[in-house]
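The values are calculated or read from the model by the stated rules, or taken from the named source; none is laboratory data. Values in this document were obtained by computation on a predicted structure and should not be read as measured data. Ideal geometry is used to build each Cβ from the backbone, glycine not excepted, and the neighbour counts take in all protein chains shown.
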Amino acid sequence: MKKQPIKVLIIDLYNNEENQGMGCLKTILKKMDRQVNDCPVKFDVFETRYKGDIPGLDYDIYISSGGPGSPYDGLGTIWERNYFDLINKLWNHNQKGFHSKKYVFFICHSFELMCRFFDLARVTDRHSTSFGIFPVHKTNAGKNDPLLKGLADPFYGADFRAYQVIQPNHNRMKELGATVLALEKIRPHVPYERAIMGVRISDNFVGFQFHPEAEPISMGYHFRQPHRKEQVVKEYGEAKYNEMIDRLEQPNYILKTYNAILPTFLRGAITKLRPENGR
């Protein structure tokens, strides 16, 4: 009997900017092909921010990428209105009790958009840009969440952002049944609120502020390119650059995060969406 494939859609919000994220996402999805219940995994890419491409509801899993610039850059644009309309349709689909749910995973820029759309917290600029490999601390909910359960506390994430999600809207979170899964590194030497690094809105909707798709070998190659090294050293200093490269080479940093979070999300979704493939 021919097995019904899982259809995955990557929503590309990089706005045609060169990046490592899209390649990492494609690699993860290729590795997932027939890994769960021998289920085929097929994926497409829509350049939503750059070309205005907006998918319909005919995919099983949606992965919304990171991207450059402010999470408010899209205000008033057609692409953002259409993007939020899609998120609304996917959410409403799941609320209507359909047997087959839609699974959505938000990354970095998309995480900030998700928090704006659902009014989960305040989304604002950070006092300084976060750039590097940093510890991420689990909340009590995060310690029991299947996506983080196999990771240490703290674990490490690739974190590149000039914006942050802070001051959770507790009433709205309670209304939706949402929980904060993780917070940024502890910084006792500065008087700033720790940003939210992960939120689960439902069994099917989850997002992270850092880049769980970041793969250390490709990231290392990317940042060792002479022009990129020069740019990072100029902006953040040589010590910060060397720290990031060292952490990319250590197996206890983002390699474990890469192998855990998004693959676990995909395996869980495929298992629930295609249980018949396991028979």
request  = Working only within region 164-185, note down all residues that are touching a strand residue (DSSP E or B) at 6+ places or on another chain (Cβ under 9 Å) and either among the charged types (D, E, K, R) or closer than 16 Å to Gly132 by Cβ (or both).
outcome  = Gln164, Glu184, Lys185
task = For region 122-143, indicate whether the set of residues that are touching a His at 6+ places or on another chain (Cβ under 7 Å), within 22 Å of Ile270 (Cα to Cα) and either among the acidic types (Asp, Glu) or modelled with pLDDT of 95 or more (or both) is non-empty.
result = no
message = Among the listed residues Tyr83, Tyr156, Tyr163, identify the single one that is aromatic (Phe, Trp, Tyr), in a helix (DSSP H, G or I) and touching a Ser or Thr at 6+ places or on another chain (Cβ under 8 Å).
response = Tyr83
task = Inspect all residues belonging to region 219-232 and state whether any of them is part of a helix (DSSP H, G or I), out of contact with any Phe, Trp or Tyr (no Cβ under 7 Å at 6 or more places or on another chain) and buried (at least 18 other Cβ atoms within 10 Å of the Cβ).
result = yes
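Restricting attention to region 233-279, and to residues there that are hydroxyl-bearing (Ser, Thr, Tyr) and in a helix (DSSP H, G or I), which single residue is nearest to Ala152 (Cα to Cα)?
Going through region 233-279, the residues hydroxyl-bearing (Ser, Thr, Tyr) turn out to be 236, 241, 253, 257-258, 264, 271.
From what's left, in a helix (DSSP H, G or I): 236, 241, 257-258, 264, 271.
Values: Tyr236: 28, Tyr241: 24, Thr257: 10, Tyr258: 13, Thr264: 15, Thr271: 25 Å.
Checking each candidate, the answer is Thr257.
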key: Any strands (runs of 3 or more DSSP E) falling wholly within region 4-68 and containing at least 3 residues that are within 18 Å of the chain's Cα centre (by Cα) and farther than 25 Å from His222 by Cβ   = none
ask   = Which of the residues belonging to region 195-233 are within 27 Å of Gly268 (Cα to Cα) and among the basic types (Lys, Arg)?
value = Arg200
message = Please count how many residues of region 151-161 are in contact with a Lys or Arg (Cβ under 8 Å, 6 or more places away or on another chain) and either more than 24 Å from Ser218 (Cβ to Cβ) or touching a residue at least 40 places away in the same chain (Cβ under 8 Å) (or both).
response = 6
request  = Give me the pairs, please: first residue somewhere in region 1-28 and at positive phi, second residue anywhere and in a loop (DSSP other than H, G, I, E, B) and buried (at least 19 other Cβ atoms within 10 Å of the Cβ), beta-carbon distance under 7 Å, and either six or more positions apart or on two chains.
outcome  = Asn15/Gly67
Pair list, Cβ < 6 Å and 6+ apart or interchain, from region 127-138 residues that are closer than 14 Å to Tyr192 by Cβ to residues that are aliphatic (A, V, I, L, M) and surrounded by fewer than 19 Cβ atoms within 10 Å (Cβ to Cβ) = Thr129/Ala162
query = Right, Leu262: of a type in the set (A, V, I, L, M, F, W, C), under 15 Å from Leu151 (Cβ atoms) and buried (at least 21 other Cβ atoms within 10 Å of the Cβ) or not?
reply = yes
message = Looking at Met173 and the list (1) under 24 Å from Phe118 (Cβ atoms); (2) crowded, with 21+ Cβ neighbours inside 10 Å; (3) hydrophobic (A, V, I, L, M, F, W, C), which single condition is not satisfied?
response = (2)
